[in-house]
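What follows is a short report on a single structure.
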Amino acid sequence: MTGVTADRGLVPVTIETVDTKVFASAIDWPGWSRSGKGEPQALEALVAQAARYATVARRAGLHVPDALTVADMDIVERVAGDASTTFGVPGRVTESDLRPATSAQAERIAHLVQAAWDTLADVVAAAPAELRKGPRGGGRDRDKMVAHVEDAERAYVRKIGLRPPANAPMDAVRTAHPCRVVRGRSATRRADSRGMSWTTHGRSRTGATAAEGSWTARRRRSGARG
């Protein structure tokens, strides 16, 4: 799993759709996922995010292809979204998530997820407590943003079998269970009898939440007050 389709050099993408929005997600690059009002807009947003996501990939020792266009996005699966999609996050486990993965492929994903967490930690450390508000005065300040990311992360790590206490700091959970949090239960993506996904989906979503938090904090700290 190199992140591109070997024979064509394209980036495999899944599309998740509800009436109000569409998510395009690069399935082999956890954290690289964007939305738009329709499929074309979602794909354009995904391509526009490539340079930003490349900073996470470089930290993991990987390289996002340069000068990507929408034509380089290879749609391999389309699924109907759910309540999570409507809320504003990609929520569906796809057939692509359930593909068998080798240990090397799982390790690659693990490095990317860890890189997203490390990037967030660096951005938070450099950000002031009070961040610039949005055009209508909204937006979380630094500590509330971190708490939001950790709350989301607790939900996603349940997909790989962990049940952290509600008040447990997620950095402590990752330290105590590094293989479980980063690599999941095994190198194989599968689903258990209850339909819960023991897949890269849970790990990818923690990476996505961390990456999104770091980008938001970096964007808003430039105009922070105090």
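How many residues does segment 129-158 hold that are at pLDDT 80 or above, in a loop (DSSP other than H, G, I, E, B) and loosely packed, with under 14 Cβ neighbours inside 10 Å?
Number of matching residues: 1.
Considering each of Thr102, Thr85 in turn, give the residue that is under 18 Å from the mean Cα position of the chain (by Cα) and hydroxyl-bearing (Ser, Thr, Tyr).
Thr85 is the lone residue from the list that is under 18 Å from the mean Cα position of the chain (by Cα) and hydroxyl-bearing (Ser, Thr, Tyr).
Look through Ala83, Ala126, Ala71, Ala54 and report the one residue that is touching a residue at least 12 places away in the same chain (Cβ under 8 Å) and out of contact with any Phe, Trp or Tyr (no Cβ under 6 Å at 6 or more places or on another chain).
Ala126
For Asp118, are the conditions met, namely being within 15 Å of the chain's Cα centre (by Cα) and within 20 Å of Trp29 (Cβ to Cβ)?
yes
Restricting to segment 15-33, name every residue that is under 18 Å from Thr55 (Cα atoms) and outside any strand (DSSP E or B). I'd like the intermediate steps shown before the answer.
Narrowing segment 15-33 to residues under 18 Å from Thr55 (Cα atoms): 25-33.
Answer for segment 15-33, where residues must be under 18 Å from Thr55 (Cα atoms) and outside any strand (DSSP E or B): Ile27, Asp28, Trp29, Pro30, Gly31, Trp32.
Can we say Gly61 is under 17 Å from the mean Cα position of the chain (by Cα) and either basic (Lys, Arg) or not in a helix (DSSP H, G or I) (or both)?
Taking the combined requirement at face value, the residue does not satisfy it.
Please determine whether any residue of segment 55-77 is outside the structural domain of Val157 (by TED's automatic domain parsing), among the small types (Gly, Ala, Ser), within 22 Å of Val123 (Cβ to Cβ) and crowded, with 16+ Cβ neighbours inside 10 Å. Please lay out each step first, then the result.
If we filter segment 55-77 for residues that are outside the structural domain of Val157 (by TED's automatic domain parsing), which is where we start, we get 55-77.
Narrowing the set further to residues that are among the small types (Gly, Ala, Ser) leaves 57, 60-61, 67, 71.
Add one more test, that the residue is within 22 Å of Val123 (Cβ to Cβ), and what stays is 57, 60-61.
Next, only the ones that are crowded, with 16+ Cβ neighbours inside 10 Å stay: 57, 60.
Yes, some residue in segment 55-77 is outside the structural domain of Val157 (by TED's automatic domain parsing), among the small types (Gly, Ala, Ser), within 22 Å of Val123 (Cβ to Cβ) and crowded, with 16+ Cβ neighbours inside 10 Å.
The values are calculated or read from the model by the stated rules, or taken from the named source; none is laboratory data. If you're wondering where the values come from, they're calculated on a predicted model, not measured in any experiment. Note that each Cβ is placed from the backbone with ideal geometry, even for glycine, and that neighbours are counted across all protein chains shown.
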